[in-house]
């Protein structure tokens, strides 16, 4: 996303932090505001793998309860599908870095994007992207 949607996303990050009293939402919101774009990646309608591995906290995939709305994300979700999302995020961040685009995978940005309805999915993560002399996503303070 870019432009007005990017600014709305930044505003939502800051506002959500103020509403909930949670730390660093303002910091991440300002990072979004300074970004050129934000890539949103989500996990939508993920099915279990059928491995019956127990990583989700249940012995069998068939025991995984129906999806419920959470405060920030929905779940429970198969742990292997969440790892798939992590692999996709890492690949996206690496690809951006190959093109010298500074970026950072951000949890808070995903929450704000989900709240605004910018993308569908049970679990959403944002990757802000910037092309400046020094990365705005590190040495950010607390």
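The values are calculated or read from the model by the stated rules, or taken from the named source; none is laboratory data. Small disclaimer: the values here were computed from a predicted structure and weren't measured. Every residue, glycine as well, gets a Cβ built from its backbone with ideal geometry; the counts of neighbours run over all protein chains shown.
Observations, loosely collected:
- The numbered conditions (1) in a loop (DSSP other than H, G, I, E, B); (2) in contact with a strand residue (DSSP E or B) (Cβ under 6 Å, 6 or more places away or on another chain); (3) closer than 12 Å to residue 129 by Cα are all true for residue 73 except (3).
- Members of region 17-59 found to be in a helix (DSSP H, G or I) and buried (at least 19 other Cβ atoms within 10 Å of the Cβ), listed by number: 17, 25, 28, 29, 31, 32
- Among the candidates 14, 71, the residue that is without any contact (Cβ under 8 Å) to a residue 24 or more places away in the chain and surrounded by fewer than 16 Cβ atoms within 10 Å (Cβ to Cβ) is uniquely 71.
- Residue within region 120-135 that is within 21 Å of residue 73 (Cα to Cα) and surrounded by fewer than 20 Cβ atoms within 10 Å (Cβ to Cβ) present: yes
- Considering residues of region 102-131 that are touching a residue at least 60 places away in the same chain (Cβ under 8 Å) and part of a loop (DSSP other than H, G, I, E, B) only, the residue nearest to residue 32 (Cα to Cα): 104
- Residue in region 79-98 that is surrounded by 14 or more Cβ atoms within 10 Å (Cβ to Cβ), touching a helix residue (DSSP H, G or I) at 6+ places or on another chain (Cβ under 8 Å), at pLDDT 95 or above and at negative phi present: no
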